[in-house]
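This report refers to the structure that appears directly beneath it.
The values are calculated or read from the model by the stated rules, or taken from the named source; none is laboratory data. What you are looking at is a predicted structure, and each value in this text was computed from that prediction instead of being measured. Neighbour counts are summed over all protein chains in view; Cβ atoms, including those assigned to glycine, are modelled from backbone coordinates with ideal geometry.
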There are 2 protein chains.
Amino acid sequence: MLPLSQTTGYALRAMRCLQEPGGQPVLVESVADYTGIPRSYLSKLVHKLAKKGLVTARRGHHGGVVLAKPSAEITLEDLSEAIDGVAWRKRCLMGLAGCTEETPCVLHDYWKQTLQEILVRLRSVTLADMARHQDPGVERFRADHGFLTTVDAERDHAHA
Amino acid sequence: MLPLSQTTGYALRAMRCLQEPGGQPVLVESVADYTGIPRSYLSKLVHKLAKKGLVTARRGHHGGVVLAKPSAEITLEDLSEAIDGVAWRKRCLMGLAGCTEETPCVLHDYWKQTLQEILVRLRSVTLADMARHQDPGVERFRADHGFLTTVDAERDHAHA
DNA sequence: ATCAATGAGGATCCGTCGGTAATCTAACGA
DNA sequence: TCGTTAGATTACCGACGGATCCTCATTGAT
C-alpha cells in the first residue's frame, strides 16, 4: 500500500551486508541468518538484483555475493526500480482510471508533486547513506565481518 | 502500493452518485451501471460504508442508498479510514520492523512528514469538493438523475 | 574425477484484495 | 397475505506478494 515494498526493504538490508566491488563474497545464508530474511526468499531476491546489475553472485566453493558497484553509487531508486518497477509512479492516488492531466482528480496535482518529492529523495539516498539506520541484524553482521565503521569509511572517503 | 486502495476510489465515485441526507434513495444497481463498479462488489462496499455511518441503506420497495451526512462534511479521510483502516500510516516506508523514533531509517523523518502532509490533504478534501473531478460515469449519472450542477450547488450554498 | 559448497530454480503454500454468483431477507404495495 | 423489489450475506474464484521446501547446476578444492 506504500511506495516501497517489504521486499525492497529486504534488498536494502541485505546489500548493507555486502562488501564493495572486489571485496570478499558474502554467503546468502549468512546474510539471511543475521537479518532474519528468509533464506530461500533472499536467494531469489539476490538473483533478481544480480540480473539488474546491482550485485554479483558466484556459486560453488568460496562463492557468494558482492556489490557490483560502490555502495555510494547505488541509490534507493535503483533498488526500488529493480524490485517494484515504476508502474506505481503513474497510478492515480485513488486508482481512478479516468484521472489524467486533462481530467484530473482532486488530488492529482498534489499527488504528482508529492511523488516527485519522493522520487528526488529516493534518488539522493545511497546505500552508503543508509549507515545511519541502526538495523540490529545488519550492524551485528558488519561488526562480525570486519566492516569499516561508518566513521572509518568517512575518514577513508576524505582521504580519497 | 499507494496510500489509497482502489476500493476507496470506488467508494468515492459511488458516493458522488448519492443524494444528500433526506434526498431520494439511489439503487446500488444504478450506481454500478453508471460507474462500472461491479454490482456485487459495490453492494458489499455500500454495506461497509453503512456500518461506518457514512451512508444509509434501505431495502425493499423504494429502497436504496443515501448519504448519511452532507457531502461537505464527508472527508476523504473518512473514506480512507472506513475502508483501508489506519495501519498503513504507521508502517515504515521500507517495511523495516526495527524502524522507530529511537532507531529511525534514513527516510524516517522525511516519510513522517510526507505522511502528515498527505493526511492533512485527505482531511481537507470533502466529497463535495470532488465535483472538480470529471468522472465520466459519475457526471452522466448526475445529469441523468437531476442532480444540481456544481454551479447550482454553489449558488444555493451562497444563499444559505 | 570426485565431492562438498553454494547460488539457481521449480513447485507449492498462504493471506489479502478485487471480483462473481447464488441465495437470504427486509420492506413495501396490491 | 403474498409477491416484488430492494439490500445483505455467504461461498467461492483468481491474481499477487511473500514465503517455504526441495532439487538442480555450477564452482573450486582435493
message: Looking at the stretch A:52-62 only, could you name the residues that are among the small types (Gly, Ala, Ser) and at pLDDT 95 or above?
response: A:Gly53, A:Ala57
- prompt: Is it true that B:Tyr34 is touching a Phe, Trp or Tyr at 6+ places or on another chain (Cβ under 6 Å) and outside any loop (DSSP other than H, G, I, E, B)?
  reply: yes
statement: Listed by first then second residue, the pairs whose first member lies in the stretch B:1-29 and is away from chain A (no Cβ under 14 Å) and within 12 Å of DNA strand D (Cβ to nearest atom), whose partner is outside any helix (DSSP H, G or I) and among the basic types (Lys, Arg), with beta carbons under 8 Å and at least 6 positions apart or on separate chains, are B:Pro25/B:Arg58
- prompt: Does the stretch B:85-96 hold any residues that are of a type in the set (D, E, K, R) and either facing chain A (nearest Cβ under 7 Å) or touching a Gly at 6+ places or on another chain (Cβ under 6 Å) (or both), and which are they?
  reply: B:Arg91
task: Report, ordered by the first and then the second residue, all pairs with beta carbons closer than 8 Å, sequence separation of six or more or different chains, a first member in the stretch A:85-107 that is of a type in the set (D, E, K, R), and a second member that is assigned to a loop (DSSP other than H, G, I, E, B).
output: A:Arg91/B:Met1; A:Arg91/B:Leu2
query: Got a sec? Which of B:Leu49, B:Leu79, B:Leu42 is over 30 Å from A:Gly137 (Cβ atoms), under 18 Å from the mean Cα position of the chain (by Cα), at pLDDT 95 or above and within 12 Å of chain A (Cβ to nearest Cβ)?
result: B:Leu79
- request: Collect the residues in the stretch A:50-87 that are in contact with a strand residue (DSSP E or B) (Cβ under 6 Å, 6 or more places away or on another chain), within 9 Å of DNA strand C (Cβ to nearest atom) and in a helix (DSSP H, G or I), keeping them in residue-number order.
  value: A:Ala50
task: Tell me which residues, restricted to the stretch A:41-84, are over 22 Å from A:Gln113 (Cβ atoms), in contact (Cβ under 8 Å) with a residue 40 or more places away in the chain and near DNA strand D (Cβ under 10 Å from one of its atoms).
output: A:Ile83
